Amino acid sequence: QVQLVESGGGLVQPGGSLRLSCAASTSIFSIYAMGWYRQAPGKQRELVATITSAGTTNYADSVKGRFTVSRDNAKNTVYLQMNSLKPEDTAVYYCNPKGTAYWGQGTQVTVSS
């Protein structure tokens, strides 16, 4: 069983920044590619960014150039640095080891003036 705890969300003004963290309960975390997803009210969950175990990253077009995903395998933690935030980035953000059914509780990000 893998437990995931997302944190770092909050209320931020447009143009602001937040850094999300996702801590996993097990050291086998390091072998998984990890995905950051988000779900806005009334919308389907969408993939925002991925990072492989070796550190290769990919981003959705909507966040490319603004978001940066990284990981610290020694801490079993993956991060999502979000800059130049827009109101349309408002959502609950989740992390997920790719190919698994493990999800955390998510962390709310609200971008509003």
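The values are calculated or read from the model by the stated rules, or taken from the named source; none is laboratory data. Every value quoted in this text rests on a predicted model; they were computed, and no experiment measured them. FYI the Cβ positions are ideal-geometry reconstructions off the backbone, even for glycines, and counts take in every protein chain you see. Calculation scope for accessible area: heavy atoms of the full protein, side chains included, ligands and nucleic acids excluded. Shrake-Rupley method; radii C 1.70, N 1.55, O 1.52, S 1.80 Å.
Remarks
- The slack in the chain from Ser84 to Lys43, taken as 0.36 nm per residue of separation less the alpha-carbon distance, amounts to 12.6 nm.
- Modelled spin-label separation between Ile31 and Ser70, with each label point placed 7 Å from Cα along the Cα-to-Cβ direction: 2.7 nm.
- Placed amide H near Lys86: partners under 5 Å, 5+ positions off or other chain: Gly15
- Label-point gap, in nm, between Val5 and Thr56 - each point 7 angstrom along Cα→Cβ: 3.2
- If both residues of a DSSP beta bridge must be in the chain, then about 90% of such bridges are antiparallel.
- C-alpha center-to-center spacing [segment 1-52, segment 87-113] in angstrom: 5
- Computed from point charges on the beta carbon alone (+1 for Lys and Arg, -1 for Asp and Glu), the dipole magnitude for the chain about its Cα centre is near 60 Debye.
- Along segment 103-108 the Karplus relation, 6.51 cos²θ - 1.76 cosθ + 1.60 evaluated at θ = phi - 60°, assigns HN-Hα couplings of 9, x, 7, x, 9, 7 Hz to successive residues, with x for each Gly and Pro.
- Measuring only protein heavy atoms, the 1.4 Å probe finds Lys64 accessible over about 120 Å².
- Table column - 3J(HN,Hα) (Hz), segment 13-30, Karplus curve with 6.51, -1.76, 1.60, x for Gly and Pro: 6, x, x, x, 9, 9, 10, 8, 10, 9, 9, 9, 8, 9, 6, 6, 3, 5
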